[in-house]
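Colleague: Handing you this structure, nothing more for now.
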Amino acid sequence: MHAHWFYEQGYASFFLPMNFDSGHPPFWGMYHAGMWLVFGKSLVVSHLSMWPFIFGSLYYAQQIGRTLGHPHYGWLFGLFLIADPVFLAQASLVSPDVALSCFFLMVLYGILSKPTRGWVTVLGAIGLSMISLRGMMTLAGLGVFLLLQNGLREGFRKIRYLVPGIVIGFGFLLAHSFHTKWVGYHEDSPWAESFQLVGIKGFFKN
């Protein structure tokens, strides 16, 4: 729906109409609308537009394997990813979760490398923040991982590579809240019940 709207409206507005604004950044829909404008609007074009993220995920999985051990481990990590039914199912769809996987693996590879690969980490962090709210939460988790892995002093020094993504994420949330007066959900949204507090019993059940 996001891509259709941007395609038909010609990027007339950055913010989506309220009836299908899910609170996520609109860049994923913009990307697919752009692919349609360049290559024609078709299901084939939509699926081909996923290939950079599928191959990116496989490439960075391989690089992480090489970083963690023997060079041959890279192929093993790639095979593990291909064998994962969740990844394969998402890869068969036009799904932002494949892009999230790609950017997550980029950041992970960047911060596990010795020395840290700054540009890979920065681009991955920006990508996570631009795809969805889940990407922003994943970026926060990677920041915590950096602190746990390196200690506070070194961890905060390396977190600077995540700052561009953090700034973009906060910037979008701030702009969206000014425009819509809500963040994440609103009372009339179909997913509002998912944000209700459930108490101690519901917490442990979940």
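The values are calculated or read from the model by the stated rules, or taken from the named source; none is laboratory data. Values in this document were obtained by computation on a predicted structure and should not be read as measured data. Neighbour counts run over all protein chains shown; Cβ positions are idealised from the backbone, glycine included. Surface accessibility is based on the protein's heavy atoms, side chains included, excluding ligands, DNA and RNA. Shrake-Rupley method; radii C 1.70, N 1.55, O 1.52, S 1.80 Å.
Colleague: Could you tell me whether PRO25 is assigned to a loop (DSSP other than H, G, I, E, B), open to solvent by less than 80 Å² (accessible area, probe 1.4 Å), out of contact with any Cys (no Cβ under 7 Å at 6 or more places or on another chain) and more than 24 Å from ALA3 (Cα to Cα)?
Modeller: Considered against the rule, which asks whether it is assigned to a loop (DSSP other than H, G, I, E, B), open to solvent by less than 80 Å² (accessible area, probe 1.4 Å), out of contact with any Cys (no Cβ under 7 Å at 6 or more places or on another chain) and more than 24 Å from ALA3 (Cα to Cα), PRO25 comes out as no.
Colleague: Let me ask something else about it. Restricting attention to segment 11-21, report how many residues are open to solvent by less than 50 Å² (accessible area, probe 1.4 Å) and either within 12 Å of GLY34 (Cα to Cα) or part of a helix (DSSP H, G or I) (or both).
Modeller: 1
Colleague: Please state which one of SER57, SER42, SER49, SER22 is small (Gly, Ala, Ser) and over 18 Å from the mean Cα position of the chain (by Cα). It would help to see each step written out before you state the result.
Modeller: Details: SER57 fails: over 18 Å from the mean Cα position of the chain (by Cα); SER49 fails: over 18 Å from the mean Cα position of the chain (by Cα); SER22 fails: over 18 Å from the mean Cα position of the chain (by Cα).
None of the other options fit; the residue is SER42.
Colleague: Can we say VAL163 is over 17 Å from PRO25 (Cβ atoms), loosely packed, with under 13 Cβ neighbours inside 10 Å and of a type in the set (A, V, I, L, M, F, W, C)?
Modeller: When the stated conditions are applied, VAL163 passes them.
Colleague: Residues in segment 65-81: is at least one modelled with pLDDT of 95 or more and either more than 20 Å from the chain's Cα centre (by Cα) or open to solvent by 60 Å² or more (accessible area, probe 1.4 Å) (or both)?
Modeller: no
Colleague: Turning to a different aspect of this structure: Of (1) crowded, with 16+ Cβ neighbours inside 10 Å; (2) over 21 Å from MET130 (Cα atoms); (3) aromatic (Phe, Trp, Tyr), PHE87 satisfies all except one. Which?
Modeller: The single condition PHE87 does not satisfy is (2).
Each row is one residue, and each column tells you yes or no for (1) surrounded by fewer than 20 Cβ atoms within 10 Å (Cβ to Cβ); (2) more than 27 Å from PRO17 (Cβ to Cβ); (3) not acidic (Asp, Glu).
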position	(1), (2), (3)
VAL107	no, yes, yes
LYS114	yes, yes, yes
GLY135	no, no, yes
LEU142	no, yes, yes
GLN149	yes, yes, yes
PHE156	yes, yes, yes
ILE159	yes, yes, yes
VAL167	yes, no, yes
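Colleague: Quick one: which residue in VAL94, VAL183 is within 15 Å of the chain's Cα centre (by Cα), assigned to a loop (DSSP other than H, G, I, E, B) and farther than 18 Å from GLN63 by Cα? Step through it out loud before you land on a result.
Modeller: Values: VAL183 fails: within 15 Å of the chain's Cα centre (by Cα).
So the residue among VAL94, VAL183 that is within 15 Å of the chain's Cα centre (by Cα), assigned to a loop (DSSP other than H, G, I, E, B) and farther than 18 Å from GLN63 by Cα is VAL94.
Colleague: Additional query: It is to be established whether one or more residues within segment 124-131 are part of a helix (DSSP H, G or I) and surrounded by fewer than 14 Cβ atoms within 10 Å (Cβ to Cβ).
Modeller: No: zero hits.
Colleague: Going through GLU193, GLU187, GLU154 one at a time, which residue ends up being free of Cβ contacts under 8 Å to residues at least 40 places away in the same chain and either touching a helix residue (DSSP H, G or I) at 6+ places or on another chain (Cβ under 7 Å) or under 29 Å from ARG117 (Cβ atoms) (or both)?
Modeller: GLU154
Colleague: Here are the criteria: (1) part of a helix (DSSP H, G or I); (2) modelled with pLDDT under 90; (3) hydrophobic (A, V, I, L, M, F, W, C). Tell me which single one LEU148 does not satisfy.
Modeller: (2)
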